[in-house]
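Below is one structure; the comments refer to it alone.
The values are calculated or read from the model by the stated rules, or taken from the named source; none is laboratory data. Keep in mind that this is a model prediction, so the values were computed, not measured. For neighbour counting, all protein chains shown are included, and Cβ atoms are generated from backbone atoms with ideal geometry for every residue, glycine included. With ligands, DNA and RNA removed, areas are computed over all heavy atoms of the protein, side chains included. Shrake-Rupley method; radii C 1.70, N 1.55, O 1.52, S 1.80 Å.
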Amino acid sequence: GQRYRYLSDRWNAAGLILKEICNPGAEACLKMDEQEMEQHYAVGPPWIVSWDQLRRAAPLWHVYVPRIRRQYKQLIAEMYAYSLAFASIDGPHALFDHFVVSYPNAPEGEQAWQWVDA
């Protein structure tokens, strides 16, 4: 999926208490840090996802949203819930920086503006 750098950029400031969010035994979720978020989980909606992974992650995503919202009221709380749900099932994402075109003033290299004909 498309990498959303602001998820990892804001990770530490969010100050989430993971033991209150992640299910017991979900080690990758419980150990999430800024670097792991940046490398594998700072993602927007997935382009391709296996049914098996989605089937296992969706119930966790549903449970994690209100847990995160109790700690973090920002709009991206739901995105963090998605990321932590996939971490809980050891489902890292392949992240790409060059397919989305949404914000003309995005830092160079973060979006696909170079592929758009003027």
| remark: Restricting to Cα pairs under 8 Å and 6 or more apart, the percent relative contact order of the stretch 49-118 works out to 25
| message | Compute the angle between helix 77-88 and the longest alpha-carbon principal axis of the chain, please, reported from 0 to 90 degrees and rounded to the nearest 10. | response | 70
| query | What is the chain's relative contact order, in percent, from Cα pairs under 8 angstrom and six or more apart in sequence? | reply | 34
| message | Can you give the local net charge around Met37? Use residues other than it whose beta-carbon is closer than 13 angstrom to its beta-carbon, Lys and Arg +1, Asp and Glu -1. | response | -1
| note | Within the under-12-Å Cβ sphere about Gly91, not counting Gly91, Lys/Arg +1 and Asp/Glu -1 give a net charge of 0
| field | Cα shape, the chain, gyration tensor, a/c 1.5 rule | value | prolate
| task | Would you mind putting 51-63, 71-83 in packing order, based on average other-beta-carbon counts within 10 Å, highest first? | result | 71-83, 51-63
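Any idea of the accessible area per residue across the chain, 1.4 Å probe, to the nearest Å²? Intermediate results must be reported in sequence, preceding the final value.
Numbers: 7130 Å² over 118 residues.
Counting only protein heavy atoms, the per-residue value for the chain is 60 Å².
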| On a 0 to 90 degree scale, rounded to 10, what angle separates helix 51-71 from the longest Cα axis of the chain? | 80
| request: Measure off 7 Å from each Cα along the Cα-to-Cβ vector at Trp115 and Asp97, then give the distance between these two points in nanometres to one decimal. | output: 1.5
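Go ahead and estimate [θ] at 222 nm for the chain from helices alone: -39,500 (n - 2.57) per DSSP H run with n ≥ 4, summed, over the residue count, rounded to 500. If you can, show how the numbers build up before the last one.
Details: 5 runs with 46 residues, N = 118.
So the helix-based figure for the chain works out to -11000 deg cm²/dmol.
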